[in-house]
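Inspection log for the structure reproduced underneath, given as structure tokens.
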Amino acid sequence: MIPITRLSVGQEEAKAAAEAVMSGWLTIGKRCASFEQALARYVGAEHAVAVNSCTTGLHLALLAAGIKRGDEVICPSHSFIASANAILYAGARPKFVDIDPRTYNIDPGLIEAAISEKTRAILPVSQIGLGADIPSILEIARRHNLKVVEDAAPSLGALAAGKFIGSMSDFTCFSFDARKILTTGEGGVITTNDTGAATRLRQLRAHAASTSTADRHHSDQIRFEEYPELGFNYKMTDIQAAIGLVQMGRVQEIVEERRRLAHRYNSLLADLKGIDVPYEPAGWRHVYQSYCVRLKNGKPQLAVMNEMARAGVATRRIMAIHREPLYKVMFPSLSLPETEKATDTTLLLPIFVGLTDSEQDEVVRVLRAAVGC
């Protein structure tokens, strides 16, 4: 089976993790601080705050943005369910908006019509490696005094209008799970240019303690911490950060290799009339965490995916959150035509560092046979 992804980790990551274990300090500490600094420098943000997942990062970022019970947060439905779940965690309610059918990201032209007196933030998703139209979204948000909390889980290294994703929004959250651009096994980070918010985020991830465990441990004076508000145990470990630091040293080559593989797919599929290949707007850099094709010949998505699975090629799809049981109860009559069409007619092909040319040729061969044209 050619999997949807395969880990790109090796001896350097193993050595870094072992060194963290042998150091005697496993929880959040100096390696996390170094990882945060490296990532903030890479995307051009003032601060990066490491957490144990992108989902928990979104939760904390929404709280730091002032989201509370009864508020509404505008977001796309075409995403992993965590994007909307984090809004519920904060006590707010998602307000789903349809997508641009070319980019599969939230359509900025539909956002203003969704703003109500309860709207407090916009949560765009920079989906499958392509940055959302953050400049346009920020312009709308500033006009309506809204915060922008960006879910960029799969899009580390992406550019939008020539700027790094992670440097523009009030808060941007990245993921480091096994399928993302970089991996630490599990983990995430929040980037922000707001120094006060970064300080609060660091406290919230550790039960809102006024002083960190590392600071207390290394102090030559007894320091009692205080807990001024409800916080959470959302910390990254130094073991994860050690792996992340090695991966950060490879981030440019990882992005370049994913783009090479995507461009090779584009060439191999150029004459296949039954699909559309991914779209990359001028001024944007797609990092291709996933390679998404759209079926155009009417053959059912599930039939294509099943045929490919039987032939030894894994595929995936992107859900429409509003169709999932939890959200279908909340929004029983909601219709998002472009989201639903994309969910029903697109599939994600294998793409990862280490995918060989022969494996990629086989994916294309199997796709052609399954599509039937």
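The values are calculated or read from the model by the stated rules, or taken from the named source; none is laboratory data. Predicted, not measured: the structure shown is a model, and the values here were computed from it. Neighbour counts are summed over all protein chains in view; Cβ atoms, including those assigned to glycine, are modelled from backbone coordinates with ideal geometry.
What the table shows:
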{"read-out": "Lone unmet requirement of (1) of a type outside the set (Lys, Arg); (2) under 14 Å from residue 76 (Cβ atoms); (3) in contact with a Gly (Cβ under 6 Å, 6 or more places away or on another chain) for residue 334", "value": "(3)"}
{"read-out": "Checking residue 278 against (1) surrounded by fewer than 21 Cβ atoms within 10 Å (Cβ to Cβ); (2) within 26 Å of residue 352 (Cβ to Cβ), the condition it does not meet", "value": "(1)"}
{"read-out": "Test result for residue 323, of a type outside the set (Gly, Ala, Ser), under 22 Å from residue 156 (Cβ atoms), surrounded by 15 or more Cβ atoms within 10 Å (Cβ to Cβ) and not assigned by TED's automatic domain parsing to the domain that holds residue 155", "value": "no"}
{"read-out": "Candidate set from the stretch 131-142 (those that are charged (D, E, K, R) and not in a loop (DSSP other than H, G, I, E, B)); member that is surrounded by the fewest Cβ atoms within 10 Å (Cβ to Cβ)", "value": "142"}
{"read-out": "Residue in the stretch 155-175 that is surrounded by fewer than 24 Cβ atoms within 10 Å (Cβ to Cβ), within 12 Å of the chain's Cα centre (by Cα) and either β-branched (Val, Ile, Thr) or at pLDDT 95 or above (or both) present", "value": "no"}
{"read-out": "Any hit, the stretch 247-258, residues being under 19 Å from residue 130 (Cα atoms), surrounded by 16 or more Cβ atoms within 10 Å (Cβ to Cβ) and over 22 Å from the mean Cα position of the chain (by Cα)", "value": "no"}
{"read-out": "Conditions (1) surrounded by 16 or more Cβ atoms within 10 Å (Cβ to Cβ); (2) not assigned by TED's automatic domain parsing to the domain that holds residue 341; number of the one not met by residue 233", "value": "(1)"}
{"read-out": "The listed residue being of a type in the set (Phe, Trp, Tyr) and under 18 Å from residue 285 (Cβ atoms), out of 164, 171", "value": "164"}
{"read-out": "Elements of type strands (runs of 3 or more DSSP E) in the stretch 143-200, at least 2 residues being free of Cβ contacts under 8 Å to residues at least 40 places away in the same chain and farther than 22 Å from residue 5 by Cβ", "value": "147-151"}
{"read-out": "Filter pass, residue 190 being in contact with a Cys (Cβ under 7 Å, 6 or more places away or on another chain) and either among the β-branched types (Val, Ile, Thr) or not assigned by TED's automatic domain parsing to the domain that holds residue 126 (or both)", "value": "yes"}
{"read-out": "Enumeration of residues in the stretch 331-340 that are surrounded by fewer than 16 Cβ atoms within 10 Å (Cβ to Cβ) and either charged (D, E, K, R) or without any contact (Cβ under 8 Å) to a residue 12 or more places away in the chain (or both)", "value": "332, 333, 335"}
{"read-out": "Criterion violated by residue 309 - all others in (1) of a type outside the set (Val, Ile, Thr); (2) over 19 Å from residue 275 (Cα atoms); (3) surrounded by 14 or more Cβ atoms within 10 Å (Cβ to Cβ) satisfied", "value": "(2)"}
{"read-out": "Unique residue being outside the structural domain of residue 102 (by TED's automatic domain parsing) and over 15 Å from residue 294 (Cα atoms) when the list is 342, 314", "value": "314"}
{"read-out": "Residue 316, sole failed condition from (1) surrounded by fewer than 19 Cβ atoms within 10 Å (Cβ to Cβ); (2) of a type outside the set (Phe, Trp, Tyr); (3) over 21 Å from the mean Cα position of the chain (by Cα); (4) on the phi < 0 side of the Ramachandran plot", "value": "(3)"}
{"read-out": "Within the stretch 1-120, helices (runs of 4 or more DSSP H) holding 1 or more residues that are surrounded by fewer than 20 Cβ atoms within 10 Å (Cβ to Cβ) and hydroxyl-bearing (Ser, Thr, Tyr)", "value": "30-43, 82-89"}
{"read-out": "Selected residue [farther than 25 Å from residue 163 by Cα, surrounded by 13 or more Cβ atoms within 10 Å (Cβ to Cβ) and charged (D, E, K, R)] from 299, 273", "value": "299"}
